[in-house]
Each structure stands twice: as structure tokens, then as C-alpha cells.
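The values are calculated or read from the model by the stated rules, or taken from the named source; none is laboratory data. No experiment lies behind these values; they were computed from the predicted model shown. Cβ placement follows ideal geometry from the backbone for every residue including glycine, while neighbour counts extend to all protein chains displayed. Calculation scope for accessible area: heavy atoms of the full protein, side chains included, ligands and nucleic acids excluded. Shrake-Rupley method; radii C 1.70, N 1.55, O 1.52, S 1.80 Å.
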Amino acid sequence: MTKVNRRKFIKAAGVTAAAGTTALAAPAIAQGIQEWKMVMSWPKGFPGLGTAAQNFANRLEVAMDGKVKVKLYGGGELVPALKCLDALQEGTADLYHSADYYHVGKSKAYAFFCSVPFGMTVAEADAWMHHGGGQKLWDELSAQFGVKPFLGGNTGVQMGGWFRKEMKTIEDFKGLKMRIPGLGGDVIRALGGTPVTLAGAEILPALQAGTVDAAEWVGPWNDLAFGLYKVAKYYYHPGFHEPSTANTIGIRKPLWDKMTKSQQAVFEAVAVSHNNIAYTDFIANNSAALDTLVTKHNVQLREFSDEIYKKAGSAAKDVLASVAKSDPFTQKVYDSYMGFRKKAVEWSRLGEQGYMQKRGLTKFS
């Protein structure tokens, strides 16, 4: 795995300069080449996230035959890390790479297009997006904010988080201050804890200062890069809060609408291929990073108990049902998502889950 300059990442993502207020009527044009600004919720070059955005930009430039140049801005460089959607609304940027559950303040429905507690796996969620009506609903939602969205990679099932103490029973969640965004945070609140939303680079300082007692970020590859093992040694799995976390590539809808059908097809093809490549990047790198955390940094790997999972599942069911009542559109998205989940879970149980259980009966090494 590429060696990571953690100080550089943390410094880059920790910047919180506000976005400029001057809107761009259209991307700058130099000698017939369109120059697009792309903002991210992560530092430039950060493993699996910042690198994914850069890879997408590179592939898009080639696919567009050099007619488009994409300038990337890490979290905090042009706009605050969690304000990417605002940047497109205001015309400050043309593209973003982020996680749409950061935007639930605009609509609770956004969570379902990123990740929800006890939700679908990567394969299940992608199937809903492509074949179950998810993309159409996402387009309808994002159009209200002037954005055309695409799947932009996935972290896969995330780890449960870093804790200063062992989490043996459900009682250990009472009074716990935990960095955890989205609806996963609502589940922690239902279990008696206090969720805190922080950008990635703010997590380690918060743990060090005691502002939070625990934190989840992504998984071994990204967590190692931020050095979270330095403060909290208990590393729990699996994460019930984000069974798959889809990142988003958003493009300003006015810009999208001005593109030719051919250009739109090229953009979409690059996004689809990027979504697959970015996800497998996590699969390829998490194992080595986990080994480093356990063998080199003495991280204590722990599994959430069945009791904790059952209680969290019950809380998640109530949280999602409550969120669905936020407004008619969120109810519509919830019904579509949960309806597809019900069908997909049964096949996954027989297919992938069944195979994985049987595969464990045979050791190849």
C-alpha cells in the first residue's frame, strides 16, 4: 500500500475556509477547452477517496478527448468538506465527489442513496439503483438542488468503529459520544449515546481531546491513514451503520443539460466504470491495512455481540420508519428501497451468504 503522509492529509482536510460567493455562469473556457472545478469531502490524494476522485477526473479528461480539464479541490480548499452540494448550487464548482448522507439537512431522502443502518450491500444497492428505480428517484431529488448524480464508488461494508473501551453490552452505549454521521448517528442516539458529525480530518484531534469517546470512519485502509489507532485501540466489526457506503459524483444540472447526448453517454460510461473500479480498490487494500493495524500497532479487533446487533437492528428499524414520515417524497424513496431490500436479502441469503458460510468449511492455506 502506498505510504501515506498523514500530516499532509489532516492539514489539507482540516481547512474550513468558506466558499466564495461569486457564482460561475459557466465553466471557464480557454482555447476551446472547458475547465471544470471539482470539490471533494476528502483531502486530495487520500487513499480510496481522494485518489478515486482524481482517477475519475483523469479518465473523464481522456474520454472527453481533452476537451475538458478537471481541477480538483480537497475538502476545505475551496469550500468546507461537507458543503459540496452547496458549492454546485451556488455555482462555485461544477462537480463534486462526496457522500450524500452529508446532505440530509436538505432532504432526509438523501441517506438512502448513500447508506442506511441495516441497509443493502453494495451489490444489492447498485441493483436497486440500476434496475429497481433508485436512480430515477435520485435524479428527481437532486434536480431540486440543480445536480445530476451518479454512483461514484463504494467503500463496502464499513467497520463498526474505534472505541477507547470494550463494548460488551448495549449498556456501554449509554452516554457514549461518538463521531458518526447520517442515520447511523440516530441509531446511536436511540441506544443512549450522542452522535457527533465531523469531517474525516477532524476525527483524530477530537479523539485526542476527548471531544468524542469513539469514532467510525471507513475501514482499515482509510482508518490507518488517519492514525486513529493512536488513540483508540478497540476496533469493532462489522459496522451495522453503513453496510455499503456509496459515494456520489455530482455534476451541475445546467452543465449536464447543455451537453450533447454523446457527451452525456461518455460521462455516464466513465462514472459507471469508475464506480466499479473504486469499490474494488477498497477490497484490494483493506486486508493488508488490517494486518498492519493488528500486527504492528497492536489494535484489538473485536466483534459486536449478538445482543448489541439485535438492539441496534431494532433501533434502526424504528429510525428508518420515522425518517420515512419526514415528507411524502422521503416516504416514496423509503418504500422503494425497503421493497427492493426485502427481495434482494432473500437471494443474497441463498447466494453469497450461503456460499461464504460453506466456503469457510474448506481451508486452502
Once neighbouring chains are kept in place and the probe is 1.4 Å, which whole percent of the accessible area of the stretch 52-119 is contributed by carbon and sulfur? 47 percent
Equivalent ellipsoid semi-axes - Cα gyration tensor, the chain, angstrom: 32, 24, 21
CD proxy at 222 nm, helix term only [per DSSP H run n ≥ 4: -39500 (n - 2.57); per residue of the chain; nearest 500]: -13500 deg cm²/dmol
Inter-part gap, Cα centre of the stretch 62-134 to Cα centre of the stretch 320-365, in whole angstrom, is 22 Å
Antiparallel bridges, percent of DSSP beta bridges restricted to the chain (to nearest 5): 50 percent
If you take the Cα Rg of the stretch 137-210 and divide it by 2.2 N^0.38 Å, with N the number of residues, what do you get? 1.42
Setting aside same-chain residues fewer than 8 positions from Lys168, which aspartates and glutamates have a Cα under 20 Å from its Cα? Asp213, Glu216, Glu303, Asp306, Glu307
Between their Cα atoms, which of Lys174/Lys332; Lys106/Lys311; Lys106/Lys136; Lys148/Lys343; Lys230/Lys317; Lys136/Lys310 are more than 25 Å away from each other? Lys174/Lys332; Lys106/Lys311; Lys148/Lys343; Lys230/Lys317; Lys136/Lys310
Per 5 Å bin from zero, what fraction in whole % of the C-alpha pairs of the stretch 191-290 is there, up to the bin with the longest pair? 2, 10, 16, 18, 15, 11, 10, 9, 6, 3, 1
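Just to confirm a number: summing +1 for Lys and Arg and -1 for Asp and Glu over residues other than Gly105 whose beta-carbon lies under 11 angstrom from that of Gly105, what do you get? Spell out each step's value before the answer.
Values: positive: Lys83, Lys106, Lys108; negative: Asp86.
Neighbourhood net charge equals +2.
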Just to confirm the number: angle between the C-alpha axis of helix 50-63 and the first principal axis of the chain, 0 to 90 degrees, nearest 10? 30 degrees
Most mobile of Ala209, Ala109, Ala125 in a GNM of the chain (Cα contacts under 10 Å): Ala209
Per residue accessible area of the stretch 116-172, 1.4 Å probe, in Å²: 36 Å²
Solvent-accessible area per residue, Å², over the stretch 249-317 with all protein chains present [probe radius 1.4 Å]: 55 Å²
Over the stretch 144-302, with every protein chain in place, what whole percent of the accessible area is carbon and sulfur at 1.4 Å, could you tell me? 53 percent
Assigning unit charges at the beta carbon (Lys, Arg +1; Asp, Glu -1) and nothing else, what dipole magnitude in debye, to the nearest 20, does the chain show about its Cα centre? 520 debye
